[in-house]
Structure formats: structure tokens, C-alpha cells
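*Asks:* Dropping the structure in here first, questions after.
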2 protein chains.
Amino acid sequence: MTEAQIHHRLHRALLRHLPDAARAEPALRSALRQGAEHPGKLIRGRLVLAAACRHGLAPARSAMLACAVEYFHTASLLLDDLPCMDDAAVRRGRPCVHRRHGEATAILAALALINRAYALVGRAFAARSSGERRRATDWLDRTLGVTGLVGGQAWDLAFARTERTAALVSRVAAGKTGALLTLAVQLPALLARPGRVERRALEALCVYWGQLYQIADDFSDLPSGATGSGKTSDRDRRLARPNLVLALGAARAQARYQRLTQQAGRALGELRRAGGERWNYLLPVQAALTRPAAREPEIEHHAA
Amino acid sequence: MTEAQIHHRLHRALLRHLPDAARAEPALRSALRQGAEHPGKLIRGRLVLAAACRHGLAPARSAMLACAVEYFHTASLLLDDLPCMDDAAVRRGRPCVHRRHGEATAILAALALINRAYALVGRAFAARSSGERRRATDWLDRTLGVTGLVGGQAWDLAFARTERTAALVSRVAAGKTGALLTLAVQLPALLARPGRVERRALEALCVYWGQLYQIADDFSDLPSGATGSGKTSDRDRRLARPNLVLALGAARAQARYQRLTQQAGRALGELRRAGGERWNYLLPVQAALTRPAAREPEIEHHAA
């Protein structure tokens, strides 16, 4: 399948697996459809779909898993955009759900997506071994809760009123950006029944990728004159948001970026030495996250 | 075990299974502990604990299942209380979480509880048959999402701006009150591997109980002069909230209450004829929901 075909197939699955919209209250139905109709680049979903198929899960179940990760992602965006969080007005070129339908509907849509996502993971893993199911449950717990996405957002909100250290910036990044990327890598990787060496390499890879992603994003937020990224938002500085380039300075952040690129490359090398070409679908992700010409990778901006 | 011992054991489990609070941002940690330290009457959790133990699940796993249902419940209360929902100030005699820690923290605490609840259900059912696991996934999907709790809340919010019919009141009630009660009954009932007749009786029973619970709650909201319930809140009338007694009038609501009591009794009878005394733990619930002297049952008020 071409990339365009994968995107098309995933987009259709996102609409098909939505919570039973015909019976929903109209504003809630509209909010649910808005996310599925304008789903962004589907970076995580496409990775999950390719990985799950590669590791032998049936296409229909692979699509369920991909939709689940995308629904978790969309839910986190709906909530991040609320006035009490990032107070965003526009998402994916359209008014945010809470601006169109109110905050309550945005919250309820996020909950409905999260609920459906858990159901889809349950169905995708229904016929797998108890060990795989247990690990899937553990990864969801680790990456979405207090030690992951929710925790990262909480530290993000606390950032403006606490000591703005590079360590805290990294903690926020690990939760907010790293967690969903980790879930998108680890959930389908379980299906390969990775050995101990592979598991360790995968964990390291996810840590490095999460940080790479965030540094690229942080560079892209700064005015173009300062970093050459071509972006002029400067939103993080104005709003005292966590930004590693602001915390470390551009030179040290750039050096860290180079080091992380090498570390991620080594982890990927170990993974492929231990498990062979079945991990090759991760190579394009590494390439996208570490392309030298652009510090902003070809993957979705966290506020895009 | 006595009721007090069950309550104590469940209360300890609620604290033990909380998301990893030591690593959480302090406001989030405090919000998570507030719910577990002041958990209310634990009606649903105690029912789940008794039922799961009765149907042969190990005590530790039964407690996980009970905690999961209580976490889902607490999360729904955290969100219902938000300014964009019911805008409540006090919950269980204490300032609401969003009044103490802000709306963002209340939302994040709810998400953390939901995430942990799904993990606990996964662990509780880890060693069960694939059929039981599939049905557990389906019940969570049905009762918590658009066809359940989330959907009920969406219709509740829409109520003030739509036609205020008795049918819509019942739809809101089925979602808001009925869904969690249904989950608390059906999730542990799966462990009994109920036959077709038992399953049908359980489904009917949950529908009747959800409506009984809500009518009792609606009577309790009205001024005491109108219904003799001894409560004087009248909040539903003032805020144009769904209330079946307001929609039907006290006499017709009372007649419906009597009819539902009989219908629930018959469903419970069928269940016990088909499955015997293993369903006896449901008798006290029926007694509490249908006591003739008080229209307000000895179970938690939905705004309490």
C-alpha cells in the first residue's frame, strides 16, 4: 500500500469506529465527527497500522489499534485546547471544538473517544496471549496516566509557577509528547513478542525519540532570527511555557539534539541486530525525527 | 465480613490502587487523594466487591474491580461539578476539586482515575475466558460512552434548551444514573457466566433500577410540601434540570415508581429462579431502592 492509501484507509476507519454517533446528542455528535473528519497527518495512527500489520495482526484489528491511538491523541488535543489548559482558538485550521460547541461538549467528546479507544484496544488484543494483553494494559496505564500524558500536562500547567529547569522541561516533554509516541511504538511492538534485548532497545528508542521530537518542536516555536527554523510564533517565551531551547540556550539544545540523534540511531541498530528486518518500519520515523536540514521534523507540530 | 469491614477494606484499596501519586505534580496528587480519602458511601464499589467475591473472583482482584467502578464514579463527579457542567461548589461536604485546585487539575485527576480504572478492570479480568473479557469490554463501552454516562450528561446539558419531555428525562436518567449502576451490576455478574435467561433478567433489572433510583432522587429534590420527601432543594425546577416528577406530576411519577418496583421484583425473581441463590446479594439493593416508607432510597444522592 502507498502512504496515500494507508492514510485513506485509516481515515475511513476513524469514521467507522466512532462512538455510536446516530444516538448521540447533536452537539456531541458534531464534536466527535469534527475530529474524525479532520484528523491531521495521522503520524501515530499510520505508524501503528504499519507496525501491527507487519507483526501479523489482521488488517481489521490493526486498524482498530491505530484508531485507538488516534482517538487518545484527539482526546488529548480537545482537552489541551480548553480555556483552563492552553486556551487555544484554532486546531487543524478550524475553530476548536469548545469554541463551537462549548467546553462541556469538548470534555464529553474527549471522554467518549477515550472510552471507545480502550474498547478498540481490548478488541484488537482479544485473541492474543495473556502476557501480551497484560503488557498492553501496562503500557496504556504508564503512557496515558500520571506517569505519562496526564502527568506531563499537569507539570506543564505547573511550569509557569515553578522553577523553570531543563529537567522539568524534559519531564513535561516526556509526558506530553513522548507518551503518545511511546504508546504508538510499544503497543504494536508487543505483537512481535520482543525479547529482552529488543524490549530494552525499544524503551531507550522511545525515550530518545520523545526528546528529539520535543526539541525540534521547541526550536520551531522560537522566532526565525534566533534559530533559523522559519517559524515566528515565540509563544513559549511569551506564555512562560516549557521550552528546552529557552532553558538551555540554542547551542546546548542543538548539541543535545545531535547526541540524542546518535543515541536513537544506536538503539535502533541494537533492535535490528537482535530482531532483524521486522523492525524496519521504524527507520522512516528515525529519518523524519533526525533530518539534519530541518530541526522541525515532518511530523505534526504539537499545537498543529 | 460485616458491612463496616467491607467498607474499610474497600477504602484502603482505593488509596492503594491510586495512580502513582508519589511522582505526580502536587496539585494533581492532592486532587487524586481527596477523592480516595472521602469516597462517599461506596454503594457501587461494595456491590461489586460482594458480587465478584460471590462469583469466585479472588479477593484482591475483586477489590480491583470494585476500585475501578468507584474511580469511574469519582471521575464522573469531578467532571459533573465543573463550571461548564453543573457548576457545583461542594461535594461530600468539601470544596469541589476545581474550586481548590482549578479546573485543569480536576480534569486531569478525572482522566488519571479513568485510565487507572481501565487498567484495574484489565487486571481483574486478565485470567478469565476470552468471552468474559469481550463482554467486559462491551459493557464498559456501552455504559461509559455515548450510549451511557457521557451520552446522558450530554442530553442533560441539552435539556434546558430542548423540549422537556418525560422521555428525555428518562434518557438522561438512563445515562447519568443508570449507567454506573448497570456497570456495577453487570461487570461482576459476567463472572457467573449467566445463561440467556439470566442475562435477559439482569438487563431488565438494571433498566428498572436505574429508573427507580432516578425517580427517588427526583422526588427528593422537590420541596417537602409537594411530596413529603423532607428535602427542600427544588434545584431542578429552578435550573430547568430534568426531573421526572416535574415532567409527569407527583401522582403519575408515584404510579410509575410502583410499577417499576413490581417489574424489578419480577426480574429479580426470574433471575433467582434461573440461577438460584448466587444472585441473593442483589436482594438488599432491591430492598434499598424500593422501600415503601421513603421515596429517597438509602443510597447516595446523585449530587451528594
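*Asks:* Within the range A:183-194, can one find any residue that is out of contact with any helix residue (DSSP H, G or I) (no Cβ under 8 Å at 6 or more places or on another chain) and over 24 Å from A:Ala75 (Cβ atoms)?
*Replies:* No, the conditions are met nowhere in the range A:183-194.
*Asks:* Go through the range B:68-111 and report how many residues are within 18 Å of B:Lys176 (Cα to Cα) and touching a strand residue (DSSP E or B) at 6+ places or on another chain (Cβ under 7 Å).
*Replies:* Here the count works out to 2.
*Asks:* Additional query: I want to confirm something. Restricting to the range B:131-182 and keeping residues that are of a type in the set (Asp, Glu) and either without any contact (Cβ under 8 Å) to a residue 12 or more places away in the chain or crowded, with 20+ Cβ neighbours inside 10 Å (or both), which single residue is nearest to the other protein chains (Cβ to nearest Cβ)?
*Replies:* B:Asp141
*Asks:* Still on this structure, please answer the following. Considering the range A:121-130 alone, what residues qualify as being part of a helix (DSSP H, G or I) and surrounded by fewer than 24 Cβ atoms within 10 Å (Cβ to Cβ)?
*Replies:* A:Arg123, A:Ser130
*Asks:* Give B:Arg61, B:Arg9, B:Arg23 a once-over and let me know the one that is among the basic types (Lys, Arg) and more than 14 Å from every other protein chain (Cβ to nearest Cβ).
*Replies:* B:Arg9
*Asks:* Also: Just give me the residues in the range A:20-51 being among the charged types (D, E, K, R) and under 26 Å from B:Thr143 (Cα atoms), in sequence order.
*Replies:* A:Asp20, A:Arg23, A:Glu25, A:Arg29, A:Arg33, A:Glu37
*Asks:* Considering only the range B:163-172, I want to know if a residue exists there that is under 30 Å from B:Gly276 (Cβ atoms) and assigned by TED's automatic domain parsing to the domain that holds B:Gly275. Even if it seems obvious, please write down each step before you answer.
*Replies:* First pass over the range B:163-172, keeping only residues under 30 Å from B:Gly276 (Cβ atoms): none.
No: zero hits.
*Asks:* Across the range B:254-285, which residue is surrounded by the fewest Cβ atoms within 10 Å (Cβ to Cβ) among those that are within 27 Å of B:Leu42 (Cα to Cα), out of contact with any Ser or Thr (no Cβ under 9 Å at 6 or more places or on another chain) and aliphatic (A, V, I, L, M)?
*Replies:* B:Leu283
*Asks:* Further, regarding this structure: Condition check: surrounded by fewer than 18 Cβ atoms within 10 Å (Cβ to Cβ), of a type in the set (Gly, Ala, Ser), at pLDDT 95 or above and not assigned by TED's automatic domain parsing to the domain that holds B:Trp279. Does B:Gly93 satisfy that?
*Replies:* Values: surrounded by fewer than 18 Cβ atoms within 10 Å (Cβ to Cβ): yes; of a type in the set (Gly, Ala, Ser): yes; at pLDDT 95 or above: no; not assigned by TED's automatic domain parsing to the domain that holds B:Trp279: yes.
No.
*Asks:* Out of everything in the range A:10-53 that is in a loop (DSSP other than H, G, I, E, B) and among the hydrophobic types (A, V, I, L, M, F, W, C), what residue ends up being farthest from B:Phe159 (Cα to Cα)?
*Replies:* Selected residue: A:Leu42.
*Asks:* Next up: Name the single residue, out of those in the range B:237-253 being in contact (Cβ under 8 Å) with a residue 12 or more places away in the chain and in a helix (DSSP H, G or I), that is surrounded by the most Cβ atoms within 10 Å (Cβ to Cβ).
*Replies:* B:Val245
The values are calculated or read from the model by the stated rules, or taken from the named source; none is laboratory data. Fair warning: this is a prediction, and the values are worked out from it, not measured in the lab. Cβ sites come from the backbone with ideal geometry, for glycine too, and all protein chains shown count toward neighbours.
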